[in-house]
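Please treat every number below as a calculation from the coordinates, not as lab data. The shown structure was predicted, so the numbers you read here are calculated from the model rather than taken from an experiment. As a convention, Cβ positions derive from the backbone with ideal geometry for all residues, glycine included, and neighbour counts pool all protein chains shown.
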Amino acid sequence: MDVLKENIKNLAEVYSANLKGKIEARTEEMKADDNSHYLIYRVLGITPEEGQLIDSHQNTGRFLYKYAGSFLEEAATLCLNYKFPEGIKTKVENTIGQRPKTFEIDFLNANDAIEIKWRDATTDGDHITKEHTRVQVIRVHGYKPIRVMFYYPQREQAIRIQQTLKTLYAGVEGEYYGGEEAWEYIKTYSGVDLKLILTEIANERTPQDGN
């Protein structure tokens with residue numbers, strides 16, 4: 001278990017360094033950006049200084065979301081592989097439709113086809129159709145579709161889509177775990193308390209008041 005904790009900690013270091021590098025590079029690139037669109041910002045009452053700050057935060061946020069999601073999904077996979085070293089990432093052929101040609105399974109362990117998401121904030125109705133096809137295809141291949149999503153989206157429409165997806169999984173005798181249930185699922189399934197490990201790492205890197 002100590003080795004696993006160290007591996008997750010090292011993974012966090014790599015992602016942190018890469019994120020910092022991306023942000024610094026993009027910040028440097030933005031110095032040469034065409035800021036003529038600030039005219040529209042000004043029309044809407046946003047000063048050039050405020051506009052620059054907003055653009056900077058928007059770019060940083062895009063990188064942060066991408067790296068946060070990839071890190072958490074990879075850390076969860078490390079936990080699953082700790083208990084089930086034979087588990088693999090794989091693809092299955094789409095036997096129902098033509099697009100996409102294949103669907104990816106993040107972690108296949110025996111008949112358990114686990115999809116790992118840090119957060120799914122989509123509000124696109126087509127997402128439901130694609131996911132419905134996906135779980136049906138996984139069932140056709142003889143696997144049980146299992147969705148593990150650590151954080152619920154904030155917007156009402158996106159939350160409704162997640163509720164629909166939960167019903168879809170139940171309809172094919174799959175399993176859906178969101179929010180705190182997702183952390184508990186990983187803990188029960190792998191025997192690893194991932195949330196505790198990440199909390200310890202977070203407190204080491206960015207201590208909160210009282211810690």
| note | From the cross-link list LYS22/LYS144; LYS20/LYS101; LYS83/LYS117, the entries with a Cα-Cα span beyond 31 Å are LYS22/LYS144; LYS20/LYS101
| Distance in nm between pseudo-label sites at TYR65 and ALA110 (7 Å out along the Cβ direction from Cα) | 3.7 nm
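Of the beta bridges DSSP finds with both residues in segment 57-196, what % are antiparallel, to the nearest 5? Spell out each step's value before the answer.
Details: 8 of 19 bridges.
So the antiparallel bridges amount to about 40 percent of the total.
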| note | Magnitude of the Cβ-charge dipole (Lys and Arg +1, Asp and Glu -1) of segment 48-88 about the Cα centre, nearest 20 debye, reported as 200 debye
| remark: P(r) of the chain over all Cα-Cα pairs, 10 Å bins starting at 0, rounded to whole percent, reads 8, 26, 30, 22, 12, 3
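Computed from the mean reciprocal separation of all distinct C-alpha pairs, what Kirkwood hydrodynamic radius does segment 67-106 have, in Å? Walk me through the intermediate numbers first.
Values: mean 1/r = 0.0852 Å⁻¹.
About 11.7 Å, per the Kirkwood formula over Cα pairs.
Give a quick list of GluC sites (Glu not before Pro) in segment 76-159 that DSSP marks as loop, anything other than H, G, I, E or B, with at most 11 other Cβ atoms within 10 Å. Spell out each step's value before the answer.
Values: sites: GLU86, GLU93, GLU104, GLU115, GLU131, GLU156; in loops: GLU86.
Sparse-neighbourhood loop GluC sites (Glu not before Pro): GLU86.
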| message | Between ALA121 and SER36, what's the calculated FRET efficiency when r is the beta-carbon distance and R0 is 30 Å? Round to 0.05. | response | 0.45
| note | Charge dipole of segment 39-138 built from unit charges on the beta carbon (Lys, Arg +1; Asp, Glu -1), centred at mean Cα; most positive-end Cα among GLN98, TYR41, ASN109 is GLN98
